[in-house]
Amino acid sequence: SAVISQKPSRDICQRGTSLTIQCQVDSQVTMMFWYRQQPGQSLTLIATANQGSEATYESGFVIDKFPISRPNLTFSTLTVSNMSPEDSSIYLCSVPLPGLAGLYEQYFGPGTRLTVT
Amino acid sequence: ELKVEQNPLFLSMQEGKNYTIYCNYSTTSDRLYWYRQDPGKSLESLFVLLSNGAVKQEGRLMASLDTKARLSTLHITAAVHDLSATYFCAAPFNRDNYGQNFVFGPGTRLSVLP
């Protein structure tokens with residue numbers, strides 16, 4: 001497994017502002033994923049971030065609201081733009097890493113707990 | 001579109017009892033994942049089930065997969081308080097080696113009472 005870190009671990013922000021969340025992995029990975037977990041809910045995939053190409057967004061998520069950068073194979077950022085209270089969630093990055101039998105498993109970062117007031 | 005369902009969504013059980021959490025998914029998938037999440041924490045991988053009939057056990061937890069029925073179960077034996085957490089099952093949407101685009105179930109919030 002790899003060590004995945006996220007910054008900040010939590011933040012309280014005012015509506016209308018933006019927050020950039022960082023995800024750092026201690027090994028090189030092709031794909032990184034960003035998930036949102038709203039309070040008491042399950043995880044929803046926001047986008048897939050590949051190094052050297054535009055991120056691929058899932059239905060309901062747009063680049064203007066959640067711009068993503070992927071400057072190298074160990075790092076990615078997710079920005080939550082023009083925040084509203086509905087953006088209050090835990091944001092998690094994840095990476096696929098080799099597991100058993102040559103198949104990949106998803107490993108998750110510790111998450112960023114965002115509260116928008 | 002792949003959908004993943006779990007039941008029950010909430011489970012309160014006494015220590016020492018047994019119970020099963022069910023995970024159904026809507027389209028063919030040859031693998032299934034179980035995760036645990038403690039309050040305010042990230043997800044911890046519990047099991048990766050890779051084929052039909054797969055059964056894995058770790059301590060008081062045992063997971064199985066029936067790909068024909070599109071059903072996975074997580075069985076809890078003689079529950080203890082430390083097992084209190086939310087348990088998620090997840091199926092990969094794309095059937096490539098990366099297992100990308102996971103679809104998660106809604107989670108089962110388990111409380112084990114003394």
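Can you pull out the cysteines in chain A that have no other Cys Cβ under 4.7 Å?
So, A:CYS13.
Can you sort A:VAL25, B:VAL55 from fewest to most other Cβ atoms within 10 Å of each residue's own Cβ?
With the sparsest Cβ surroundings first, the list reads B:VAL55, A:VAL25.
Whole-Hz ³J(HN,Hα) for each residue in the range A:71-87, computed from phi via Karplus 6.51 cos²θ - 1.76 cosθ + 1.60 with θ = phi - 60°, x for glycine and proline: what do you get?
x, 8, 7, 10, 8, 8, 10, 10, 9, 9, 9, 6, 5, 10, x, 5, 7
Give, in nm to one decimal, the length gained when the segment between B:LEU113 and B:SER45 is fully stretched (0.36 nm per residue of separation minus the Cα-Cα distance).
Using 0.36 nm per residue and subtracting the Cα-Cα distance, I get 22.1 nm.
Mean separation of Cα pairs under 8 Å and 6+ residues apart, divided by the residue count of chain A: what relative contact order is that in percent?
The normalised contact order for chain A reaches 36 percent.
Rounded to the nearest 5, what % of DSSP beta bridges with both residues in the protein assembly as shown are antiparallel?
90 percent
Quick one: dipole size for the protein assembly as shown, taken about the Cα centre, charges +1 on Lys/Arg Cβ and -1 on Asp/Glu Cβ, in debye to the nearest 20.
Taking the Cα centre of the protein assembly as shown as origin, the dipole is about 220 debye.
Using a 10 Å cut-off on Cβ to Cβ distances, tally the other chain neighbours for every residue of A:59-65 and report the average as a whole number.
Mean shielding count: 0.
What's the longest bit of chain B with no exposed GluC sites (Glu not before Pro), using DSSP loop states and at most 15 other Cβ atoms within 10 Å as the test?
Longest site-free region, per DSSP loop and neighbour criteria: B:16-114.
If I histogram all Cα-Cα distances within chain B using bins 10 Å wide from 0, what percent of pairs lands in each bin?
Reading the bins upward from 0: 15, 49, 29, 6, 0.
Restricting attention to the range A:31-117, which GluC sites (Glu not before Pro) occupy a DSSP loop and are surrounded by at most 13 other Cβ atoms within 10 Å?
Counting only loop positions with at most 13 other Cβ atoms within 10 Å, the GluC sites (Glu not before Pro) in the range A:31-117 are A:GLU54.
Rg over Rh of chain A, using C-alpha atoms and the Kirkwood radius, what does it come to?
A ratio of 0.96.
Of B:PRO39, B:THR86, B:CYS23, which is farthest on the positive side of the dipole of chain B, counting Cα position, with +1 on Lys and Arg Cβ, -1 on Asp and Glu Cβ, and the Cα centre as origin?
B:CYS23
Among the lysines, which have Cα under 27 Å from the Cα of A:LYS65 when same-chain residues fewer than 8 positions away are ignored?
Within the straight-line cut-off, A:LYS65 pairs with A:LYS7, B:LYS3, B:LYS41.
Output ³J(HN,Hα) for the range A:43-49: one whole-Hz value per residue in order, computed from phi by the Karplus curve 6.51 cos²θ - 1.76 cosθ + 1.60 with θ = phi - 60°, and x for Gly and Pro.
8, 10, 6, 8, 6, 10, 10
Could you give the longest part of chain B that holds none of the trypsin sites (Lys or Arg not before Pro) found in DSSP loops with at most 11 neighbouring Cβ atoms within 10 Å?
The longest such stretch corresponds to B:4-67.
Counting DSSP beta bridges with both partners in chain A, what percentage is antiparallel, nearest 5?
DSSP beta bridges in chain A are roughly 90 percent antiparallel.
Taking 0.36 nm per residue of separation and subtracting the Cα-Cα distance, what length does fully extending A:ASP64 through A:ASP26 add?
10.8 nm
Taking a cut-off of 13 Å between Cα atoms, list the aspartates and glutamates near B:LYS68, but don't count ones fewer than 8 places away on the same chain.
Output for B:LYS68: B:ASP30.
Can you give the charge dipole size of chain A about its Cα centre, rounded to the nearest 20 debye, using +1 on the beta carbon of Lys and Arg and -1 on the beta carbon of Asp and Glu?
With only Lys, Arg, Asp and Glu charged at Cβ, the dipole is about 220 debye.
Taking a quarter of the surface of the Cα convex hull of the protein assembly as shown, what do you get in nm²?
12.4 nm²
About the Cα centre of chain B, how large is the charge dipole given +1 on each Lys and Arg Cβ and -1 on each Asp and Glu Cβ? Please answer in debye to the nearest 20.
Once rounded to the nearest 20, the dipole reads 120 debye.
Using a/c under 1.5 as the rounded threshold, could you call the range A:59-115 rounded, prolate or oblate? The axes a ≥ b ≥ c are square roots of the C-alpha gyration tensor eigenvalues, and prolate needs a/b larger than b/c, oblate otherwise.
Since a/c reaches 1.5 and a/b is larger than b/c, the shape of the range A:59-115 is classed as prolate.
Coordinate-derived values only; no laboratory data. Please read all numbers here as calculations on a predicted model, not as lab measurements. Counting neighbours? That spans all protein chains shown, and the Cβs are built from the backbone with ideal geometry, glycine included.
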